[in-house]
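First comes the structure, then the notes that go with it.
The values are calculated or read from the model by the stated rules, or taken from the named source; none is laboratory data. Here the structure is a predicted model, which is why all the values come from computation and not from measurement. All Cβ positions, even for glycine, are placed from backbone atoms using ideal geometry, and neighbour counts span all protein chains on display. These accessible areas exclude ligands, DNA and RNA; they are computed on the full protein's heavy atoms, side chains included. Shrake-Rupley method; radii C 1.70, N 1.55, O 1.52, S 1.80 Å.
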Amino acid sequence: MTTAISVELVPRNKESILKDAALVARYGEVTHLNVTDIERFALRSTEAVALLREYFGNRFIYVPHIRAIAAVNDEELHPDDIALVIHGDEPTQRKAGGEVSPVERMLLLAKRMRVMAGVDPYRTSLERELEYVRLKRSVGASGFFTQPFFSLDHLRHWNALLPQECEIFYGLSPVTTEATFAY
């Protein structure tokens, strides 16, 4: 089994994403940059990935978050990237043509590039989330990124349930402060 390590970066602005990526680039074990798309920041995930590619070339495999419910110009996506299709937070304003489900967006993107999907062990019941995982897999998701786990026992439980034939990136989050405890 090949080990791949992905670090999630938040594109607050051009300067911060480049600074964060430069720090991560020092660690040769990191293979992927998973770039979130947060509406309150002006820099979109796909724009941040284009900027990162300009500065870091093929040093990383880039994983832009593609918000299924917001309009996205699929032409902004590089075919070597891995699209992580997420539902995401509800946008404060919907853009014209953006009302598609994560499943619909995966079907569209899977025709032209590798697509991953999200797993959220806290979203619904265990059974409903696993049913959603099977649906995403059936429409083209080649693997999954999970929301952070806060205990290794919880991660091990989900590891036993998720499809073993596909690539899975497990989110981990240390609880070291009051803020991370609240998260």
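Pick from the stretch 66-90 the residues that are of a type in the set (Gly, Ala, Ser) and part of a loop (DSSP other than H, G, I, E, B): which of them is modelled with the highest pLDDT?
So the residue we want is 68.
Can you name the residue in the stretch 124-154 that is at pLDDT 90 or above and over 22 Å from residue 103 (Cα atoms) and, of all such residues, is least open to solvent (accessible area, probe 1.4 Å)?
154
Could you please find all residues in the stretch 9-60 being aromatic (Phe, Trp, Tyr), open to solvent by 70 Å² or more (accessible area, probe 1.4 Å) and modelled with pLDDT of 95 or more?
55
Say whether the condition of being surrounded by 14 or more Cβ atoms within 10 Å (Cβ to Cβ), assigned to a helix (DSSP H, G or I), among the hydrophobic types (A, V, I, L, M, F, W, C) and at pLDDT below 85 is met by at least one residue in the stretch 110-121.
yes
Can you tell me which of (1) outside any helix (DSSP H, G or I); (2) open to solvent by 20 Å² or more (accessible area, probe 1.4 Å) is the one residue 63 doesn't meet?
(2)
Looking only at the stretch 4-23, how many residues end up being assigned to a helix (DSSP H, G or I) and either under 23 Å from residue 143 (Cα atoms) or of a type outside the set (A, V, I, L, M) (or both)?
Looking only at the stretch 4-23, we keep the residues that are assigned to a helix (DSSP H, G or I), and these are 14-23.
This time we only want the ones that are either under 23 Å from residue 143 (Cα atoms) or of a type outside the set (A, V, I, L, M) (or both), so: 14-16, 19-20.
Here the count works out to 5.
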